[in-house]
Amino acid sequence: IKQKNQEKKKMNRKILSLLKLHLLVSVYSLSTVFSKFAGQQEFLSSKFIIFTFLLFLCLGVYAFFWQKILSNFNLSVAYANRAADLLWGIILGAVFFAEKITFTKIISVFLVFLGIILVIRSEKTKGV
């Protein structure tokens, strides 16, 4: 029973780490939203400066926490999960810029997540 509890705690920590990783990827994706908003403004206007500041803030937060996240994962797993940026880009594009979510985009995201799952499973079977 004690070993089962330890395994469950280890699994819960892994799941929490994956959630943190995907939250961090969403922050990175948000930087692209601020970049697009900044690009739509007059150069050096107050809105341009605010959106550019928010862009760099997102990138700074991402860079700082990315270093922390890497201590929880093999590099191959961490980088494979960064591909989830595609999903966040599609969602944020639809929410902020009324971009269409097409069948092709949905299939693309499905294939990317299938790849992420395969990488995570391959690392798991290695016992890493």
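Using a simple spin-label model with pseudo-atoms 7 Å out from Cα toward Cβ, Q6 and F53 lie 5.1 nm apart.
Would you calculate the volume per residue, in Å³, of the smallest convex hull containing every Cα atom of the stretch 13-53?
Residue-normalised Cα hull volume stands at 44 Å³.
Here the accessible area of the chain is 69 percent carbon and sulfur, with a 1.4 angstrom probe and all protein chains present. Given R0 = 25 Å, the distance between the Cβ atoms of L19 and I106 translates into a calculated FRET efficiency of 0.65. What is the angle, in °, between the Cα long axis of helix 85-97 and the longest principal axis of the Cα atoms in the chain? Nearest 10 is fine, range 0 to 90. Between helix and principal axis, roughly 30 degrees. Give me the angle, in degrees from 0 to 90, between the Cα long axis of helix 46-69 and the longest principal axis of the Cα atoms of the chain, rounded to the nearest 10. Taking the Cα atoms of the chain, the angle to 46-69 is about 10 degrees. Plainly put, the stretch 1-83 has a radius of gyration that is 1.21 times its Kirkwood radius, both from alpha-carbon atoms, as the Rg/Rh ratio. Only the Cβ atoms of Lys and Arg (+1) and of Asp and Glu (-1) were treated as charged; on that basis the dipole of the stretch 1-95 about its Cα centre amounts to roughly 780 debye.
The values are calculated or read from the model by the stated rules, or taken from the named source; none is laboratory data. Predicted model, so just to flag it, every value in this text is computed and none were measured. Because the Cβ atoms are built from the backbone with ideal geometry, glycine has one as well, and the counts that use them run over all protein chains shown. The accessibility values were calculated without ligands, DNA or RNA, using every heavy atom of the protein model including side chains. Shrake-Rupley method; radii C 1.70, N 1.55, O 1.52, S 1.80 Å.
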